[in-house]
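Structure first, commentary second.
The values are calculated or read from the model by the stated rules, or taken from the named source; none is laboratory data. Just so it is clear, the model here is predicted, and its values are computed rather than measured. Positions of Cβ are backbone-derived with ideal geometry, glycine not excepted, and every protein chain shown enters the neighbour counts. The area values use the complete protein model at the heavy-atom level, side chains included, leaving out ligands, DNA and RNA. Shrake-Rupley method; radii C 1.70, N 1.55, O 1.52, S 1.80 Å.
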Amino acid sequence: MCEIMRALVLLFFVCFWLYDVTHNHNSISVASQSTEEDTVFVNGTAAIGSIDDDFVCATMDWWPPEKCDYGTCSWGNASLLNLDLGNDILLNAIKAFSPLKLRLGGTLQDKVIYQTEDSPKHHTSFVKDSSQLFGFSDGYLPMPRWDELNILFKNAGAVVIFGLNALQGRTIDSHGAAVGDWNASNAESFIRYTVNKGYTIHGWELGNELCGSGVGTRVTADQYASDINSLHNKVQDIYSGSELAKPLVLAPGGFFDSSWFSDFVDKAPQSVQVLTHHIYNLGPGSAPDLVDKILDPSVLDGISKTFSDLQMLLKNSKISAVGWVGESGGAYNSGHNLVTNAFVFSFWYLDQLGMAASYDTKTYCRQTLIGGNYGLLDIQTFQPNPDYYSALLWHRLMGNNVLSTSFSGTKKLRTYSHCSKKTQGITVLLINLDGNTTVQIDVSTENGGSRSSLNLEQGLKDSKATKNDVREEYHLTAKDGDLHSRVMLLNGKELTVESAGQIPSLEPMIVGMSDPTSVAPFSIVFVHIPNITVPACK
């Protein structure tokens, strides 16, 4: 009997060990933790890029409840057509950004008919039909619903970008390409209605994922350039004489293809103010290794070439357009539950924001505000997911000017810095992808210095600060150390919406400047250092 008991105890410990090894991304393993010390260098001589004040943007989509991926239907009533616009949390979540850019669009935007006075009325939208493009019939936006949406946008102080149907008037040929000129009549009627109602639109974007090889179908660069010129002319005409500010014209709203984008820019030099591209660099939402990819620095770095190539294209072109990420959900086909809506996704998301900004991207639109498994808000409760708070902290702390930031220690620590927003100093973002190592960080603003000769004391002397000064830190961790948790802790306190639907205040911890910043395993830290002054921030 004793032998049997000993065998059972041994089996239990073996099983426990195997479980801990195979689930090592779920929580922090305390037993194997270590500590490293290093210095982050911030070169504040000149900015390496700049972002819009409302750099953080989120999308609102058209997908109906019947949109399902890999056997999961994750959209519920999150569509522009059926979302509960009277929800207090939704209103407050948008208002908290003051302002938040909202890009209205997505795959089905190219199947939306605007039900203005000169278009037929229909009672059903987006009926599931596998024989049709994108698996759904056409959808219809009634003007009363458009009025309701604009009431929300006005009350919330949102900045709106609307994605227009770019497939109107075209036919799909035998090769899957959309051919023919864009028929702008329905869009023109819709824009006129919008202007007559006095609704402020920050930008009109033409089409969704029709550039390059396209998704579902595609349009050639020459044809797209002709269509965007047509949109530009109509916008100029419709807004002439109006007191409303003329909106931006954006295109093409698809995946970056160097050759296609170059041809498009050459053909439409004066008609487009913003080049928008999409990013889903983690693969399908069904991928079993999503967490591994999110925590892999080489995977995160892989998208840098896209940012670099677009930046170079804009720099060498004759146009004055800027680059935006118009849509990015990381993992396509609605993301993955307990990954793209959980704490672990903030590693990917904040790294994307930092990297995009460093390549002079002006705006970054997250797929989605609500809807799918990658929404900033839960589709049922409207409660913020962890990435909502990550986005809000970025928006409040990271200013316009982007600073060159370097770190020679572990590759698992990602570092970015900006001039602080609406206040003095700099803000440094530290992302620790390592689940076993605490990194003790000093910050130096000495330009071109070597790590061995610099420390925090020297950095403070160079910036004319004193040891007695303090800084603000915002430490983000997962509840119970579980990377799949949908609850985020700020400085150890659980973030949750208050009873009246109010977004919680995001309060920092105050730390003495002589102490290093301790970046715990699997954690994210924003560090606002108000008393460091650099030329790029003056």
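Numbers below:
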read-out	value
Computed label-point distance, nm, for sites residue 423 and residue 318 using a 7 Å Cα→Cβ extension	4.7 nm
Charge tally in the Cβ shell below 9 Å around residue 160, where Lys, Arg are +1 and Asp, Glu are -1, residue 160 excluded	+2
Relative counts (whole %) of C-alpha pair distances in the range 51-399, using bins that are 10 Å wide	5, 26, 37, 26, 5, 0
Counting DSSP beta bridges with both ends in the range 51-399, the antiparallel % (nearest 5)	15 percent
Computed helical MRE - 222 nm, the chain, DSSP H runs ≥ 4 contributing -39500 (n - 2.57), nearest 500	-8000 deg cm²/dmol
Heavy-atom accessible area order for 292, 227, largest first, 1.4 Å probe	292, 227
Heavy-atom accessible area ranking, 1.4 Å probe, most first, across 497, 487	487, 497
Tilt relative to the chain, helix 258-267 - C-alpha long axis, 0 to 90 degrees, to 10	40 degrees
Relative contact order (%) - criterion: Cα under 8 Å, at least six apart; region: the chain	20 percent
Positive-pole candidate from 185, 113, 298, dipole of the range 51-399, charges at beta carbon	185
Three-way shape label, the range 117-266, alpha-carbon gyration tensor, a/c 1.5	oblate
Folded to 0 to 90 degrees: helix 185-196 orientation relative to the chain principal axis, Cα	70 degrees
Contour excess over end-to-end distance, with Cα ends at residue 298 and residue 127 and 0.36 nm allotted per residue	57.4 nm
Residue pairs, from the table 154/267; 154/412; 128/362; 293/538; 95/246, whose Cα atoms sit over 30 Å apart	154/267; 154/412; 128/362; 293/538
Total charge dipole magnitude, the range 51-399, about the Cα centre, Cβ charges on Lys, Arg, Asp, Glu only, Debye to nearest 20	460 debye
Candidate aspartates and glutamates - alpha carbon under 20 Å from residue 197, same-chain residues fewer than 8 apart omitted	117, 118, 147, 148, 188, 205, 237, 243
Angle in degrees between helix 304-316 and the longest Cα principal axis of the chain, rounded to the nearest 10	50 degrees
Distance between the range 308-354 and the range 125-197 - C-alpha centres, whole angstrom	24 Å
Surface accessible to a 1.4 Å probe, residue 103 within the full protein complex, Å²	0 Å²
